[in-house]
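Take a look at the structure below.
The values are calculated or read from the model by the stated rules, or taken from the named source; none is laboratory data. All figures in this text were calculated on a predicted structure; none of them were measured in a lab. Virtual Cβ from ideal backbone geometry, glycine too; neighbours counted across all protein chains shown.
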Amino acid sequence: MLSGHHHLRCDSMWCVRRTMFVSAIAATLVWVAASGEAKVKLPEEVVVPALIGFGDSIIDQGMNNYIPTVVKCNFQPYGEDFMGGKPTGRFTNGKTPTDIIAELLGIKDYVPAYLDASLTPEDLKTGVSFASGASGYDPQTPQIVSVFPLSQQIEYFKEYLGKLKAAFGEEQTKFILDNSLFLVVAGSDDLANTYFTVGIRRLHYDVDAYTDLIIQGASNFIQELYALGARRIGVFSVPPIGCLPSQRTLGGGKSRGCAENYNDAAKLANSKFSATLQSLSTTLSKSKLVFIDIYEPLLHIMLNPQQYGFEVADKGCCGTGNVEVAVLCNKLLPTCEDREKYLFWDSYHPTEKGYRTLVNKVIYKYIDEFF
């Protein structure tokens, strides 16, 4: 019937658009068939093919394993509750927020670190994390401890896109870029480590000027991501860093109360962050740019732990819980008997239960803003 060659030509604009539409539907069906059961209800016909992370230790899935830095945790007791007790370089006892969000969206159970040599093209297709523990928006932050700056994370992302194009072609790669969820989590190391602890920046910047510097860094990074094709971008706010166990020890006096000046700096950064992202949403017209406030929900958990099933919120589960983090939290130290009762795993990072509690508080509030 179609032996006449002219029937196969697709010259009209309508025909081209129809072909593209059919291709997009086919791509969507492939993803729907491949993805797991989402626990978070998404709008009909919405597909989130991958979760891709950038930033610091909150969503570092093991990137720091590959570099000579003291900011590492690929040893016990980290990972005590991960895949039967496997330390992978995640700064907690189990899953990170990236893993939990990917699981809730039905993408996959775990999001790997990009540099994991065992990754297959299929693993890459559903997302990876480029985040590096102790990195930040201030270029000086990663330099202090020799970890991957955001500029290097972007370079790895470009390499990743090349691998996707080689394995799945331009069209599938564009589909992934258009529809995936990109998470950016940074800022706490800039304030807690670079500004308040190391303090070199304090010689030249007051808190107001320093928060301007980190927000400018964040804005530049988000614009780079957008230029490379990312569209659905979720940016975590800075948490209440003054109430982290290590910061209570460093800045909370004898009683180890929350260091209010640290929290004030975080709040100032967040107010600027929120305004900057609103303005970027207008400039980056095809983006769904969502500022995810974790400050208030996390502070509520920290100050009212019993409401969430926790008994201890001012110390980590590892060692004394006051200072131990990374190499200071190691297998020579005891860990708490029941980590379900602890909001924090070490003196800086929540337990998996802590992360789950936080993610559950924010995901349902913000998820629809991406679509």
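One table, with the values for the structure above:
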| read-out | value |
| --- | --- |
| Residue ID - nearest to Ser287 (Cα to Cα), chosen from residues in segment 236-254 that are touching a helix residue (DSSP H, G or I) at 6+ places or on another chain (Cβ under 6 Å) and not polar (S, T, N, Q) | Val238 |
| Residues of segment 333-371 that turn out to be over 24 Å from Ile292 (Cα atoms) and out of contact with any Phe, Trp or Tyr (no Cβ under 9 Å at 6 or more places or on another chain), as a count | 4 |
| Close pairs (8 angstrom Cβ cut-off, 6 or more residues apart or separate chains): over 15 Å from Ala209 (Cβ atoms) in segment 264-287, at pLDDT 95 or above and of a type in the set (Lys, Arg) anywhere | Lys286/Arg231; Ser287/Arg231; Ser287/Arg232 |
| Thr88 being under 22 Å from Gly354 (Cα atoms), in contact (Cβ under 8 Å) with a residue 24 or more places away in the chain and either touching a Gly at 6+ places or on another chain (Cβ under 9 Å) or crowded, with 20+ Cβ neighbours inside 10 Å (or both) | yes |
| Condition check for Leu268: more than 27 Å from Val48 (Cα to Cα) and at pLDDT 95 or above | yes |
| Residue check for Ile107: on the phi < 0 side of the Ramachandran plot, part of a helix (DSSP H, G or I) and at pLDDT 95 or above | no |
| Hits in segment 64-104 - residues which are part of a helix (DSSP H, G or I) and in contact with a helix residue (DSSP H, G or I) (Cβ under 8 Å, 6 or more places away or on another chain) | Pro97, Ile100, Ile101, Leu104 |
| Scan of segment 310-334 for residues that are at pLDDT 95 or above and in contact with an Asp or Glu (Cβ under 7 Å, 6 or more places away or on another chain), ordered by number | Gly316, Cys318, Val325, Cys329, Leu333 |
| Top-ranked residue of segment 196-238 - restricted to ones that are in contact (Cβ under 8 Å) with a residue 60 or more places away in the chain and assigned to a loop (DSSP other than H, G, I, E, B), ranked as surrounded by the most Cβ atoms within 10 Å (Cβ to Cβ) | Ala230 |
| Residue check, Gln61 crowded, with 21+ Cβ neighbours inside 10 Å and under 23 Å from Cys318 (Cβ atoms) | yes |
| Leu183 crowded, with 23+ Cβ neighbours inside 10 Å, in contact with a helix residue (DSSP H, G or I) (Cβ under 6 Å, 6 or more places away or on another chain) and of a type outside the set (Ser, Thr, Tyr) | no |
| Residue match in segment 143-166 (condition: more than 20 Å from the chain's Cα centre (by Cα) and buried (at least 19 other Cβ atoms within 10 Å of the Cβ)) | yes |
| Every residue from segment 239-266 that is assigned to a loop (DSSP other than H, G, I, E, B), surrounded by 21 or more Cβ atoms within 10 Å (Cβ to Cβ) and in contact with a Ser or Thr (Cβ under 9 Å, 6 or more places away or on another chain) | Pro239, Leu244 |
| Candidate set from segment 71-84 (those that are closer than 20 Å to Phe344 by Cβ and out of contact with any Pro (no Cβ under 9 Å at 6 or more places or on another chain)); member that is surrounded by the most Cβ atoms within 10 Å (Cβ to Cβ) | Val71 |
| Residue, farthest from Phe221 (Cα to Cα), within segment 120-136, restricted to residues that are assigned to a loop (DSSP other than H, G, I, E, B) and in contact with a strand residue (DSSP E or B) (Cβ under 9 Å, 6 or more places away or on another chain) | Thr126 |
| Every residue from segment 301-327 that is free of Cβ contacts under 8 Å to residues at least 40 places away in the same chain, surrounded by fewer than 17 Cβ atoms within 10 Å (Cβ to Cβ) and part of a helix (DSSP H, G or I) | Gln306, Gln307 |
| Any chance Phe148 is assigned to a helix (DSSP H, G or I) and either in contact (Cβ under 8 Å) with a residue 24 or more places away in the chain or of a type outside the set (D, E, K, R) (or both) | no |
